[in-house]
Every structure is written in C-alpha cells, then in structure tokens.
Amino acid sequence: MTDGSALSDDVTFTYTPKDADIVSVDENGTVTGLKKGETEIVIKSVCGELVTEKTVSVTVTEKLPDTVTL
C-alpha cells in the first residue's frame, strides 16, 4: 500500500510513545514534541486477525515543531 486509499474500514491504528515525557501522539497519529530528547513510537495496526507493529525513532530538538503527522 502506498496511500490510505487501499485501507479497509476495519483497520485500526494505535500509536504509543515509549517516553510520553518527550512526545505525545493522538489517535490520528499527530505527534507533538514536548521536550528535547529521543524516543520511539510504536505504531500498531489491526485488521481482523492480522496485527502489525512498526517502531519509528523520533528526535525532538531545541526548536520544537508544532506537530508532525505520521
């Protein structure tokens, strides 16, 4: 899949930061930098019995971006 157009309505995503003091992630995947540091976000997709997880690294620098959407 290269874009969301091929996704089934039955797919759900969860986004879990390993360090919630550095970033927060809402239910839509929007990442907000909270303080300087490095962490990872675990992205989990569930479609029926198929479960997939991917971990992405995130670095928050001195200048905090407003938001980043995954």
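The values are calculated or read from the model by the stated rules, or taken from the named source; none is laboratory data. Not measured: the values here are computed from a predicted model. Here the Cβ is made from the backbone with ideal geometry for all residues, glycine too, and neighbour counts use every protein chain on show.
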**Report entry** Among (1) part of a loop (DSSP other than H, G, I, E, B); (2) exposed (fewer than 13 other Cβ atoms within 10 Å of the Cβ); (3) of a type in the set (Asp, Glu); (4) at pLDDT 95 or above - the single one Asp66 does not satisfy
**Finding:** (4)
Requested in this report: Would you check if Thr32 is within 9 Å of the chain's Cα centre (by Cα) and assigned to a strand (DSSP E or B)?
Outcome: no
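Determine whether Asp26 is loosely packed, with under 13 Cβ neighbours inside 10 Å and modelled with pLDDT under 90. Step through it out loud before you land on a result.
Numbers: loosely packed, with under 13 Cβ neighbours inside 10 Å: yes; modelled with pLDDT under 90: no.
So Asp26 does not fit the description; no.
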Report task. Taking the residues in the stretch 35-54 that are under 12 Å from the mean Cα position of the chain (by Cα) and surrounded by 11 or more Cβ atoms within 10 Å (Cβ to Cβ) as candidates, determine which candidate is farthest from Asp9 (Cα to Cα). Result -> Thr39
